[in-house]
Amino acid sequence: MVEYTPNMDILAIVPARAGSKRLPGKNTLELHGKPLICWTLEAAQKSRVIDLLVVSSDDDEVLAHGERLGARTLRRPSDLAQDTSTTYDVLLHTLESLKLEGVRPARIMLLQPTSPLRDADDIKAAVSRMNETQAKSVVSVCPCEHSPLWSNTLGAQGQMDDFLSPALLNQRSQDLPLYYRLNGAVYIANTQSFIEQKGFFMSNSMAYVMPAEKSVDIDTIIDFKLCQIILEMRV
């Protein structure tokens, strides 16, 4: 294996394709006075921990917002802008494209535009978490809204036989163990480890915990309206 020699610290990538079946054009929908993607781009710029910020998209409007806010833009090929395209492949395409220009980041960060409530402080805190723990990767999480211990599959007819284990019966929710879920806001990893592991999950990975009110990941119109309400309440 050829040794990877970085010449910059953090490359942050914002992937934002044009297509979205459940919420068409979501990356450019106006959220509390500005396009959705601008919330992430502005937070990234304000964090001052990113050496190069890149927007990967097949959408002219998204790319224009990226350029206006000082990000490097990269037009994504159509085969990486499909419903079946993986985030890993999109990030790898960005890395390989920049490598042709001599850009080799020590760390790669993923900032999804569908997490507009994540701010500059969260980005800085995730980087600090990685620095302080010497982790190979850091992934943001938040407490689960409902305990997964109260979840199960249903029988073919909807029967709930053995839905809950006997140990959970009559337990109060506040007495159950606290579970966390991925919130999609911040991912960061050593670039070499990211390439080798094909993602951000690996040994020596640490969590960056965020509150639920900053962890809405926009996928549907309900998510979008919830973010709108939260932002209006902040004023």
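No lab work stands behind these numbers, since they all come straight from the coordinates. These figures come from a predicted structure and were not determined experimentally. Cβ atoms come from the backbone with ideal geometry, glycine included; neighbour counts cover every protein chain shown.
Worth a mention:
- For the pair Gln159 and Lys21, label points projected 7 Å from Cα toward Cβ lie 3.3 nm apart.
- Residues whose amide H falls under 5 Å from that of Val55, counting only those 5 or more places apart or on a different chain, are Val14, Arg72, Thr73, Leu74, with hydrogens built in the peptide plane.
- Cβ-based exposure ranking for Ser47, Ser205, in which fewest neighbours within 10 Å come first: Ser205, Ser47
- Two-site FRET efficiency, Ala207 against Asp60, from Cβ-Cβ distance with R₀ of 30 Å, rounded to 0.05: 0.25
- Cross-link table Lys136/Lys198; Lys124/Lys214; Lys124/Lys225; Lys21/Lys225; Lys34/Lys214, entries beyond 24 Å C-alpha to C-alpha: Lys124/Lys225
- Helices in the chain, meaning DSSP H runs of at least 4 residues, each add -39500 (n - 2.57). Divided by all residues, the mean residue ellipticity at 222 nm is -9000 deg cm²/dmol.
- Label-point separation, Glu196 to Thr5 (7 Å along Cα→Cβ), nm: 1.9
- Residue with peak Gaussian network fluctuation, the chain [Cα springs, cutoff 10 Å], from Met160, Met210, Met109: Met160
- Extreme residue, positive dipole direction of the chain, given options Tyr180, Met210, Gly158 (C-beta unit charges): Met210
- Taking the chain as a Gaussian network of alpha-carbon nodes connected by springs under 10 Å, the highest mean-square fluctuation of the residues Leu168, Leu95, Leu74 belongs to Leu168.
- Extension gain for the segment Asn152 to Arg172, taken as residue separation times 0.36 nm less the Cα-Cα distance, is 5.4 nm to one decimal.
- Computed lengthening from Asp79 to Met233, 0.36 nm per intervening residue step minus Cα-Cα distance: 51.4 nm
- Which of Ile13, Ile50 has the fewest Cβ neighbours within 10 Å, and the rest in rising order: Ile50, Ile13
- Overall form of segment 1-108 per C-alpha gyration tensor (a/c, 1.5; a/b vs b/c): oblate
- Extended-chain gain in nm, criterion 0.36 nm per residue less alpha-carbon gap, Arg48 and Lys99: 16.1 nm
- With each label modelled as a point 7 angstrom along the Cα→C-beta vector, the Arg181-Glu30 pair spans 3.1 nm.
- Build a GNM of the chain with springs between Cα atoms under 10 Å apart, and of Ser78, Ser137, Ser115 the one that fluctuates most is Ser78.
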